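Below is one structure, written out as structure tokens, with a few remarks after it.
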Amino acid sequence: MSEEIAGRLLDAALPHVAFDGWSETTFRAAASDAGIDPVVARGLYPRGAVDLAIAYHRRGDDAMSARLKEIDQSELRFRDRVALAVRTRIEAVDDREAVRRGTTLFALPIYAPDGAKLIWGTADRIWTELGDATRDFNWYTKRATLSAVYSSTVLYWLGDESPDTHATWEFLDRRIEDVMRFEKTKAKVRGTPVLGKVLAAGPEKLLGRLRAPKSPRHGLPGGWTAPR
């Protein structure tokens with residue numbers, strides 16, 4: 001029942017976001033329009049419109065996951081599957097102004113940690129949908145890299161006026177190509193006799209003790225194995 005009410009409140013907020021942003025004014029108007037007691041609304045979204053903006057972003061993540069499950073990706077190259085996932089996530093929202101206002105909100109220093117967490121969560125959802133099974137430090141590097149690709153693509157998309165946002169998808173392809181080129185370079189470095197041994201004995205040995213979170217809900221950033 002609470003999820004249904006929370007969804008109604010979010011839906012009621014969206015028409016106001018274009019004019020008042022993710023603000024207290026929007027939050028109060030949404031509660032009034034949806035016929036929800038302000039005390040109940042505050043109980044569902046303690047920080048008001050900030051929590052509404054977070055819920056809107058996560059709604060997009062859920063929509064992306066649902067759409068990706070309906071698409072046959074068996075014939076796609078892996079890089080194309082990544083591009084498809086990012087594009088699907090961006091197209092999962094139909095209110096560009098709500099995203100623009102959210103970007104402005106989470107650029108504020110007080111809410112920047114929330115914004116970074118949301119982008120990381122989106123990258124994690126994408127890798128999960130792609131079947132990523134890594135548990136070592138690569139779990140972190142994959143999500144950090146994809147977070148950069150996703151966030152830069154969203155910013156480009158917000159200003160894109162090309163037909164069918166064609167320029168955005170070209171931009172996305174270039175960013176993924178850059179990542180693939182970087183990964184190939186890393187593989188070559190590891191394969192060299194001297195640098196490969198240096199990395200294995202130094203940074204990679206240290207990073208090799210990092211572990212992915214045991215549970216996405218336990219609130220900790222990851223794990224660390226004791227040195228031997």
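Selection of segment 49-82 for residues being in contact with a Phe, Trp or Tyr (Cβ under 8 Å, 6 or more places away or on another chain) and either surrounded by fewer than 18 Cβ atoms within 10 Å (Cβ to Cβ) or outside any helix (DSSP H, G or I) (or both) yields only Ala55.
For the residues Pro46, Pro15, the requirement of being of a type outside the set (Lys, Arg) and not in a helix (DSSP H, G or I) singles out Pro46.
The condition of being in contact (Cβ under 8 Å) with a residue 60 or more places away in the chain, open to solvent by 40 Å² or more (accessible area, probe 1.4 Å), in a helix (DSSP H, G or I) and in contact with a Gly (Cβ under 6 Å, 6 or more places away or on another chain) holds for only one of Arg101, Arg125, that being Arg101. Looking across segment 49-79, the residues that are acidic (Asp, Glu) and farther than 16 Å from Asp132 by Cβ come down to Asp51, Asp62, Glu70, Asp72, Glu75.
For segment 129-145, the count of residues that are at pLDDT 95 or above and of a type in the set (A, V, I, L, M) is zero. Among residues that are under 26 Å from Ala116 (Cα atoms) and either modelled with pLDDT of 95 or more or open to solvent by less than 10 Å² (accessible area, probe 1.4 Å) (or both), Gly43 is included. Checked against (1) modelled with pLDDT under 50; (2) over 17 Å from the mean Cα position of the chain (by Cα), Pro221 passes all but condition (2).
The values are calculated or read from the model by the stated rules, or taken from the named source; none is laboratory data. Source: prediction; values computed, not measured. Neighbour counts are summed over all protein chains in view; Cβ atoms, including those assigned to glycine, are modelled from backbone coordinates with ideal geometry. Just so you know, the surface numbers come from the protein's heavy atoms only, side chains and all, with ligands and any DNA or RNA stripped out. Shrake-Rupley method; radii C 1.70, N 1.55, O 1.52, S 1.80 Å.
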